[in-house]
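So the structure is just underneath, and the comments pick up after that.
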Amino acid sequence: MIRRSRSSGVYFAMIVPLDAILEKLHNPTGKTVQMDDENSTALPFRPAAPVINILEYSAHAGGTSLLSPLPSAKAMVPFVSVENMMHLVHHLGVETVLAELTDAIEADFRRWESFDKTPRVASHSRDGVIELMPTSDGAVYSFKYVNGHPKNIVDGLQTVTAFGLLAEVSTGYPVLLTEMTLLTALRTAATSAMAARHLAPKGARTMAMIGNGAQAEFQALAMKAVCGIDTVRLYDIDPRATEKTARNLAGSGLEVVACPSAQAAIEGAEIITTCTADKQFATILTDNMVGSGVHINAIGGDCPGKTELHRDIVLRSDVFVEYPPQTRIEGEIQQMAPDFPVTELWKVVTGAAPGRRDARQITLFDSVGFAIEDFSALRYVRDRLSGTDFYQNLDMIADPDDPRDLFGMLQRAK
């Protein structure tokens, strides 16, 4: 392959192994060929294009020259596409990823005070919300772009989509760019499982899943992998969603029970997860439906004006949250007074505050999602990419030989 150096204007050849070329000729999928050299750029190999074995030619001198250097390693940013994220997850195993993500998130909750913390930056409209979720531990910075558009499902679109980035604080250079629609579902389930590990009744084996949309299977498998759940009881107002979830969980080792109502689903369940999408003050569960001794994961709330539980359930529960300034705006406790008492989950994880105290206690994890969970997930993915080819290197950072000569680099591209 031929490429022109951005900094010097010199053309150079990239050597593609013959077996990779032959493989693409026989299987022209257009996927990326990964180069072994860490400074090489992973570019699409298109078998229809000519393969040229060349010397390098100088664009500005008109003659041959030595091989021009590629952009520096720091200018090349690893990118994980949706396809590569799927391959990485299956390479490791879905339940393995969920269990390891749970541990990674808990490890960062144990050093909660090391992080910059701020409520996410949200842009609300009548159609949904678009948010940015930044944080840093002083060495690494992360952010996630995420939307929430409940009406998208009518048009066959995802309710939630996301992508995220890691950067090193010392230089500001990005070190990872990745899809996060799948990764958000994984980290949300892992966070729920982490909370349940500390708050659910000991020996809990049955969970109810109210709302069987895109995150339902992730939630069920995380509870199985981390908490030992063996039965999941499903309910959704759309029977097709329940059928989808039951079908996807077949062969998972879970006993799956489709239920005709939310009341039927929570009967006998020690863990209740609500995961609905409507942007409204909803009452998925009423007070008389919830008995003592259960743990509730309320994960559907994520913006002002969107709740799932009757406020009397909140009043009867011991409520645990990620970051109070954000949860008081977006979570179930937006229904309550500004001074309604809550416990921060990181304090339970570190032992600074109690979690479940007795068998009759109702614990409620009022989860809205927080940037530190995305930070943990992004670092986990970066660590797990090592030794794999489930990424591409993106030519993302302008990289002139002289950092003061950005315009000169632009001019040499003529």
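The values are calculated or read from the model by the stated rules, or taken from the named source; none is laboratory data. Quick caveat: nothing in here was measured; it's all calculated off a predicted structure. All Cβ positions, glycine included, derive from the backbone under ideal geometry; neighbour counts span all protein chains shown.
Table for the structure above
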read-out: Count of the stretch 329-358 residues which are within 26 Å of Arg110 (Cα to Cα) and over 23 Å from the mean Cα position of the chain (by Cα); value: 17
read-out: Test for Ala214: is it in contact (Cβ under 8 Å) with a residue 40 or more places away in the chain and surrounded by fewer than 24 Cβ atoms within 10 Å (Cβ to Cβ); value: yes
read-out: All positions within the stretch 134-157 that are among the small types (Gly, Ala, Ser) and touching a residue at least 12 places away in the same chain (Cβ under 8 Å); value: Ser136, Gly138, Ala139, Ser142, Gly148
read-out: Test: residue in the stretch 283-300 that is among the β-branched types (Val, Ile, Thr) and touching a Cys at 6+ places or on another chain (Cβ under 6 Å); value: yes
read-out: Residues of the stretch 318-368 satisfying the condition of being more than 18 Å from Ala298 (Cβ to Cβ), part of a helix (DSSP H, G or I) and of a type in the set (Lys, Arg); value: Lys347
read-out: Given (1) at pLDDT 95 or above; (2) of a type outside the set (D, E, K, R); (3) not in a helix (DSSP H, G or I), index of the condition Leu101 fails; value: (3)
read-out: Residues within the stretch 238-261 that are touching an Asp or Glu at 6+ places or on another chain (Cβ under 9 Å) and over 24 Å from Gln158 (Cα atoms), tallied; value: 5
read-out: Residues located in the stretch 348-360, provided they are of a type in the set (D, E, K, R) and either without any contact (Cβ under 8 Å) to a residue 40 or more places away in the chain or surrounded by 20 or more Cβ atoms within 10 Å (Cβ to Cβ) (or both); value: Arg357, Asp358
read-out: Test: residue in the stretch 179-197 that is assigned to a loop (DSSP other than H, G, I, E, B) and closer than 18 Å to Met85 by Cβ; value: yes
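Residue-wise test of (1) farther than 24 Å from Tyr141 by Cβ; (2) surrounded by 17 or more Cβ atoms within 10 Å (Cβ to Cβ); (3) at pLDDT 95 or above.
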| residue | (1), (2), (3) |
| --- | --- |
| Trp346 | no, yes, yes |
| Ile362 | yes, yes, yes |
| Ala371 | no, yes, yes |
| Phe375 | no, yes, yes |
| Tyr380 | no, yes, yes |
| Asn393 | no, yes, yes |
| Leu406 | no, no, no |
| Lys414 | yes, no, no |
